[in-house]
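Chemist: Mind having a look at this structure? Questions to follow.
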Amino acid sequence: MNFGIAGLGYWGPNIVRNLQAHKKAAKIFAYDLNSNRLEKIKEKFPAVHLVNKFDDLLKKDIDAIVIATPVFSHFELARKALQNKKHIWVEKPFVMNSTEAKELLELANKEHLRIFVDHTFIYTGAVRKMKELIEKKELGNIKYFDSARINLGIFQHDINVVWDLAPHDLSILNFILPKHKIEAVSANGIANYYNLENIAQLSLYLTNDCFANLHLNWTSPVKIRRIIVGGDKKMLVFDDTENFEKIKVYDSGVEINSPESLHEALVQYRIGDMYSPKVLQTEALSLAVNEFISAIEENREPLTNGYDGLKVVSVLEASQKSIQNKGQLVRINSV
């Protein structure tokens, strides 16, 4: 297969590296508005072919195009690629609104093409282990999902902290808890520095008596990448800043006896052992590239597809509306 890639900023070169390493990738064509980035790619990957315009990618004998540009440009570039019979890989967040997402999905279906959305965390060993433990009922019935994704920078110029960071946690939530649909969101945030929110809090109401809380911050002095999943049997902590023992499972919980009345209820706390399961260390982006190529070859939807992108964008849209209305509860349209 031949691939094109548009956007060689922070993430694009990593995708180029993993594409080059894949046995099914033949030629790679690269484009970026910044000529310095093109020169750096050529220095690092001499076999990559450079083009001066995005439209040049469309004219080449290319099977798929990777779009790793700022999110405001995703829709237009993705639409052009699909109209020119190219499969597409799109960085997160997929697009700027659900209307754009639905149009791309309709076009891809019409042309029998594949849309891959780069929700990279789904391909990490840690997130896959979380899903495995939950499916095996190791935690029991899931009661809550609590995440903190905070650090100092990087401020974006086209999207706020919700659109920048929340797609990671929302994609993980949808992946590990597919039976718990997000029904509504209440979100609050503030723009301390310019007109885009740099701190936000999302409260998500899910089906099956489940709740999720997402804390997002670009202006924290410390970096925290932590998810806690609580079940009625056990609880799990995923700390992505840990080099070892990224996942810890705690035999801890709460038991309430005598539900006759609140005043008579006996609350007991169970604190037991902790263990850390083995997690595969394969690079997630390598597995993502393999999944994209396999999905094209097998003519099937990839694991992280346009419908997953639409689900995430729908929650982001509703969250933005809630923030603008000071935390008003907003229903999530079923997708």
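The values are calculated or read from the model by the stated rules, or taken from the named source; none is laboratory data. Everything numeric here is computed off the predicted structure, so don't read it as measured data. Cβ sites come from the backbone with ideal geometry, for glycine too, and all protein chains shown count toward neighbours.
Chemist: So which of Tyr307, Tyr269 is at pLDDT 95 or above, aromatic (Phe, Trp, Tyr) and either surrounded by fewer than 17 Cβ atoms within 10 Å (Cβ to Cβ) or part of a strand (DSSP E or B) (or both)?
Modeler: From the options Tyr307, Tyr269, the qualifying one is Tyr307.
Chemist: Might you check whether a residue that is in a strand (DSSP E or B) and among the hydroxyl-bearing types (Ser, Thr, Tyr) occurs anywhere in region 138-155?
Modeler: Yes, because at least one residue in region 138-155 is in a strand (DSSP E or B) and among the hydroxyl-bearing types (Ser, Thr, Tyr).
Chemist: Another question about this same structure. May I ask you to list pairs of residues, at least six apart or on different chains, whose Cβ atoms are under 9 Å apart, with the first in region 243-257 being in the same structural domain as Lys129 (by TED's automatic domain parsing) and the second being surrounded by 18 or more Cβ atoms within 10 Å (Cβ to Cβ) and among the charged types (D, E, K, R)?
Modeler: Close Cβ pairs (under 9 Å, with a partner that is surrounded by 18 or more Cβ atoms within 10 Å (Cβ to Cβ) and among the charged types (D, E, K, R)) amount to Lys246/Lys129; Ile247/Lys129; Val249/Lys234; Tyr250/Lys234; Asp251/Lys234; Ser252/Lys234; Gly253/Lys234.
Chemist: Which condition breaks for Thr99 when tested against (1) β-branched (Val, Ile, Thr); (2) under 16 Å from Ile293 (Cα atoms); (3) exposed (fewer than 15 other Cβ atoms within 10 Å of the Cβ)?
Modeler: Only one criterion is unmet by Thr99, namely (2).
Chemist: Condition test on Leu316, is it modelled with pLDDT of 95 or more, hydrophobic (A, V, I, L, M, F, W, C) and surrounded by 19 or more Cβ atoms within 10 Å (Cβ to Cβ)?
Modeler: Yes, satisfied.
Chemist: Do the conditions hold for Leu316, that is, is it part of a loop (DSSP other than H, G, I, E, B), in contact (Cβ under 8 Å) with a residue 40 or more places away in the chain and aliphatic (A, V, I, L, M)?
Modeler: no
Chemist: Right, something else. Would you mind telling me which numbered condition in (1) of a type in the set (Ser, Thr, Tyr); (2) surrounded by fewer than 17 Cβ atoms within 10 Å (Cβ to Cβ); (3) within 23 Å of the chain's Cα centre (by Cα) Tyr275 fails?
Modeler: Going through the list (1) of a type in the set (Ser, Thr, Tyr); (2) surrounded by fewer than 17 Cβ atoms within 10 Å (Cβ to Cβ); (3) within 23 Å of the chain's Cα centre (by Cα), Tyr275 breaks only (3).
Chemist: Name the residue, out of Leu113, Leu133, Leu104, that is within 25 Å of Asn333 (Cα to Cα) and surrounded by 16 or more Cβ atoms within 10 Å (Cβ to Cβ).
Modeler: Checking each option against the conditions leaves just Leu104.
Chemist: For region 288-297, check the following and say yes or no: at least one residue is surrounded by fewer than 19 Cβ atoms within 10 Å (Cβ to Cβ), in the same structural domain as Glu183 (by TED's automatic domain parsing) and of a type outside the set (Gly, Ala, Ser).
Modeler: So far as region 288-297 goes, no, none of its residues is surrounded by fewer than 19 Cβ atoms within 10 Å (Cβ to Cβ), in the same structural domain as Glu183 (by TED's automatic domain parsing) and of a type outside the set (Gly, Ala, Ser).
Chemist: Next question, about the same structure. Could you tell me which of the residues Leu58, Leu107, Leu113 is free of Cβ contacts under 8 Å to residues at least 60 places away in the same chain and in a loop (DSSP other than H, G, I, E, B)?
Modeler: Answer to the selection: Leu113.
Chemist: Are any residues in region 18-31 closer than 25 Å to Lys59 by Cβ and either free of Cβ contacts under 8 Å to residues at least 40 places away in the same chain or of a type in the set (Lys, Arg) (or both), and if so, which ones?
Modeler: Matches in region 18-31: Gln20, Lys24, Ala26, Lys27, Ile28, Phe29, Ala30, Tyr31.
Chemist: Residues Arg37, Arg17: which one is in a helix (DSSP H, G or I), farther than 24 Å from His168 by Cα and modelled with pLDDT of 95 or more?
Modeler: The unique qualifying residue is Arg37.
Chemist: Given the conditions (1) under 24 Å from Trp11 (Cβ atoms); (2) surrounded by fewer than 19 Cβ atoms within 10 Å (Cβ to Cβ); (3) not aromatic (Phe, Trp, Tyr), and given that Ala191 satisfies all but one, which numbered condition is not satisfied?
Modeler: Evaluating Ala191 over (1) under 24 Å from Trp11 (Cβ atoms); (2) surrounded by fewer than 19 Cβ atoms within 10 Å (Cβ to Cβ); (3) not aromatic (Phe, Trp, Tyr) leaves (1) as the failure.
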